[in-house]
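K.L.:
Following this message is one structure expressed as structure tokens.
The values are calculated or read from the model by the stated rules, or taken from the named source; none is laboratory data. Note that the structure is predicted; figures quoted are calculated from it, not measured. Every residue, glycine among them, receives a Cβ derived from its backbone with ideal geometry; neighbour counts consider all protein chains shown. Areas reflect the complete protein model, heavy atoms only, side chains present, ligands, DNA and RNA absent. Shrake-Rupley method; radii C 1.70, N 1.55, O 1.52, S 1.80 Å.
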Amino acid sequence: MTDTQHRSIPTTVIRIGDLIFLDSFAGLVPAKVTGYTARGEIAVLVTATRGAYRRGEHTTFTPSGCVPRAHVRVRCGQFRVFGAWTFDGLRDEFQPRWA
């Protein structure tokens, strides 16, 4: 992102306990952030059963595949993801590319 783009787009900060979607082959899977791993992955708790993901399952996911729920809209029956976000407590080298 350029400096102009970075200043014009507000960035959401995701913290432990925030609700997110996991962007997976099963579609958008509802989850909750529970922590971070040493390898820079996000530890999550799946909050609904979708495809191979079961409610109550603990798993890890890459930061670029975790989308805040407020950044998802449905247009013409398709999910649209917009905006930029960062993870509070996650080291800079593991933040999503746009952060």
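K.L.:
Stretched out fully, how many nm does the piece from Phe25 to Ser64 gain, at 0.36 nm a residue minus the Cα gap?
P.N.:
Contour length minus Cα-Cα distance gives 12.6 nm.
K.L.:
If you don't mind, another one. What does the charge count near Arg91 come to, summing +1 for each Lys or Arg and -1 for each Asp or Glu among other residues with Cβ under 14 Å from its Cβ?
P.N.:
Within the 14 Å Cβ shell, the charges total -3.
K.L.:
What is the percent carbon and sulfur in the accessible area of the chain, measuring with a 1.4 Å probe over the protein chains and ignoring ligands?
P.N.:
Answer for the chain is 51 percent, counting heavy atoms of protein chains only.
K.L.:
On full extension of the chain, what length is gained from Val74 through Arg91, given 0.36 nm per residue of separation minus the C-alpha to C-alpha distance?
P.N.:
Between Val74 and Arg91, full extension yields 3.0 nm more.
K.L.:
Can you check what the net charge comes to around Leu22, using other residues whose Cβ is under 15 Å from the Cβ of Leu22 (Lys, Arg +1; Asp, Glu -1)?
P.N.:
+1
K.L.:
Considering only Pro96, Ala38, Val72, whose Cα is most displaced toward the positive end of the charge dipole of the chain, charges sitting on Cβ of Lys, Arg (+1) and Asp, Glu (-1)?
P.N.:
Val72
K.L.:
Ignoring everything except DSSP H segments at least 4 long, calculate the 222 nm mean residue ellipticity for the chain; use -39,500 (n - 2.57) per segment, divide by total residues, nearest 500.
P.N.:
The helix-only estimate for the chain comes to -1500 deg cm²/dmol at 222 nm.
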